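Shown next, in structure tokens, is the structure this report addresses.
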Amino acid sequence: MALSTLSSSSSTLSLNTSLFNKPLNPKSSSFTLPRPRHKTPFLAAANNPISDIVLSDTPYPQSESETLYDDKPREECGVVGIYGDPEASRLCYLALHALQHRGQEGAGIVAVNNNVLQSITGVGLVSDVFNETKLDQLPGSLAIGHVRYSTAGQSMLKNVQPFVAGYRFGSVGVAHNGNLVNYGTLRAELEECGSIFNTTSDTEVVLHLIATSKQRPFILRIVDACEKIEGAYSIVFVTEDKLVAVRDPHGFRPLVMGRRANGAVVFASETCALDLIEATYEREVFPGEVIVVDKEGVQSLCLMSHPQPKQCIFEHIYFALPNSVVFGRSVYDSRRQFGEILATESPVDCDVVIAVPDSGVVAALGYAAKAGVPFQQGLIRSHYVGRTFIEPSQKIRDFGVKLKLSPVRAVLEGKRVVVVDDSIVRGTTSSKIVRLLKEAGAKEVHMRIASPPIIGSCYYGVDTPSSEELISNRMNVEEIRKFIGSDSLAFLPFDSLTGLLGNESPNFCYACFSGNYPIEPKELKVKRVGDFVDDGLNGSLESIDGGWVQANRNIKEVKVGGT
């Protein structure tokens, strides 16, 4: 369905309201948004990009050397927005619980009450950050929330979203899922014009672009900002009276819209969040679309002309929960079919099929059903391992993996075992898992991977290592098999993956498998998802170690900041 166009040179917007039950104005197809009449105050219980109000006493997690290393790609975050429910902040809290798998480093909620944006953020899980007392401090029928994952260094409190910023026309809160590939260029330009940054998050760039935009009204400021940023972004904004959802023109990261029985409108990164708060799924936010929700109703605007969608295929391979519908497809069905393809194209004589929990379970069920071999729990995952642990003074081999995964000898002993996992990144964890299984008595261990080999870094909101660290970029399949010690190894064939998706195949991004990037980074180095090692205030951006990944070598260096 075609969306109407939006001109950033005018404050009159052309709308398409036929998609919704509640049109903006039944007598007219256009409207003019009023200019804000006053500034909106805001309160906060954590550091914000512009305001330092009250510091949380939540302790920072331990350094990365003390964390339980997990050799998987990581999603940056999950977002939620709710308009029109008197318990908006509590519903945000529940929805963030459902999205906790997308980020466990920090969480926050911004609620609007009597035209005041009130913010509470903190480091840790949603249940660590919020309690009944804190939620009582967030009244109102309008709220946004965020769960966050950082990729390097400590999870600095000041980088936990949602961010709240004040500017001359009021205040705005923002929660962002994704990554901007031109972050360095934009930040340098803004700093040259006098902007002061208080975080290392690319999301703060969006706030500065909105604040410095000359467009009127607020919606046009968002459009103006989004025309300057490049990369992946699914964003929810909140003002004193509006909830706004935006998705980048390629639609890299998911964002869905639903509605509760009382008419409240909900946006979330996955449909599992809608399910928990009893909101009915209506549709995705379209790539390149801006949806504005206020007292006039729901308005659908076209952000900009958009190319063919390039949705992240890893949402179906690993990131999303199996009970979610992402990009219009059931994640459970996708993963089950990945396993069936592996059983058909890479069969092996075996006695039992097991999974690396939890992300490999559905694909393993598909493999077992297709192969006619029983599926059993050969690895039990501990759900009580936190970010930190104390290792005994006497060295125990594979200690970290043993803390998290325990083999079941009764399932494995004397058996030929097929173990299904979603991906191999560096290969270190896979080699430890194979060793665990053989030490538990497995006669043979055959690895089946429910994705093609990962050969490239992601610049669109997924934390992947540099290409030099990716084992599939350095070794062929047989070399990887020898490295991890399995008796056989097979990946999901790329052609079979695209064949499964059929006519929808061109709408997905496969850059991590192919090295073909829908948006090439324009900078020599591209900011990784999440934090830098330090807080971004000491030293130049170039001096910060670990916060950047090398862009494609065939891309020429571009000077930033006009110098």
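The values are calculated or read from the model by the stated rules, or taken from the named source; none is laboratory data. All figures in this text were calculated on a predicted structure; none of them were measured in a lab. With ideal geometry, Cβ positions are generated from the backbone for all residues, glycine too; neighbour counts draw on all protein chains shown. All accessible areas refer to the heavy atoms of the entire protein, side chains included, with ligands and DNA or RNA removed. Shrake-Rupley method; radii C 1.70, N 1.55, O 1.52, S 1.80 Å.
Taken over the stretch 243-267, the criterion of being part of a strand (DSSP E or B), farther than 16 Å from A232 by Cα and open to solvent by less than 20 Å² (accessible area, probe 1.4 Å) is satisfied by L243, V244, M257, G258, V265, V266, F267. Screening S486 with (1) more than 27 Å from the chain's Cα centre (by Cα); (2) open to solvent by 20 Å² or more (accessible area, probe 1.4 Å); (3) hydroxyl-bearing (S, T, Y) gives one miss only, at (2). So for the stretch 126-141 (the condition being of a type outside the set (F, W, Y), crowded, with 23+ Cβ neighbours inside 10 Å and either assigned to a strand (DSSP E or B) or touching a Pro at 6+ places or on another chain (Cβ under 9 Å) (or both)), does at least one residue qualify? Scanning the stretch 126-141 turns up no residue that is of a type outside the set (F, W, Y), crowded, with 23+ Cβ neighbours inside 10 Å and either assigned to a strand (DSSP E or B) or touching a Pro at 6+ places or on another chain (Cβ under 9 Å) (or both). Restricting attention to the stretch 219-233, does a residue exist that is farther than 25 Å from P518 by Cα, open to solvent by 10 Å² or more (accessible area, probe 1.4 Å) and either outside any helix (DSSP H, G or I) or in the same structural domain as V462 (by the TED database) (or both)? The answer is no; no qualifying residue exists.
Counting only residues that are more than 14 Å from C509 (Cα to Cα) and either of a type in the set (D, E) or in contact with a helix residue (DSSP H, G or I) (Cβ under 8 Å, 6 or more places away or on another chain) (or both), the stretch 228-250 holds 12 of them.
Yes/no per residue for (1) modelled with pLDDT of 90 or more; (2) of a type in the set (S, T, Y):
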{"position": "A371", "(1), (2)": "yes, no"}
{"position": "R381", "(1), (2)": "yes, no"}
{"position": "L403", "(1), (2)": "no, no"}
{"position": "S406", "(1), (2)": "yes, yes"}
{"position": "L412", "(1), (2)": "yes, no"}
{"position": "V420", "(1), (2)": "yes, no"}
{"position": "I433", "(1), (2)": "yes, no"}
{"position": "K438", "(1), (2)": "yes, no"}
{"position": "E444", "(1), (2)": "yes, no"}
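Checked against (1) among the aliphatic types (A, V, I, L, M); (2) touching a Leu at 6+ places or on another chain (Cβ under 8 Å); (3) assigned to a loop (DSSP other than H, G, I, E, B), I196 passes all but a single condition, namely (2). For beta carbons closer than 7 Å, sequence separation of 6+ or different chains, a first residue in the stretch 504-519 that is over 8 Å from K310 (Cα atoms) and a second that is among the acidic types (D, E), the qualifying pairs are I519/E230. Residues in the stretch 68-105 that are open to solvent by 20 Å² or more (accessible area, probe 1.4 Å), at pLDDT 95 or above and of a type in the set (D, E): E87 only. Contact map, the stretch 491-502: residues that are open to solvent by 40 Å² or more (accessible area, probe 1.4 Å) paired with residues that are not in a helix (DSSP H, G or I), Cβ distance under 6 Å, separation 6+ or inter-chain. Pairs shown: F494/P452.
Quick grid of which residues meet (1) over 29 Å from Y167 (Cα atoms); (2) touching an Asp or Glu at 6+ places or on another chain (Cβ under 9 Å):
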site	(1), (2)
I222	no, no
Y233	no, yes
F237	no, no
E240	no, no
A264	no, yes
E270	yes, yes
I291	no, no
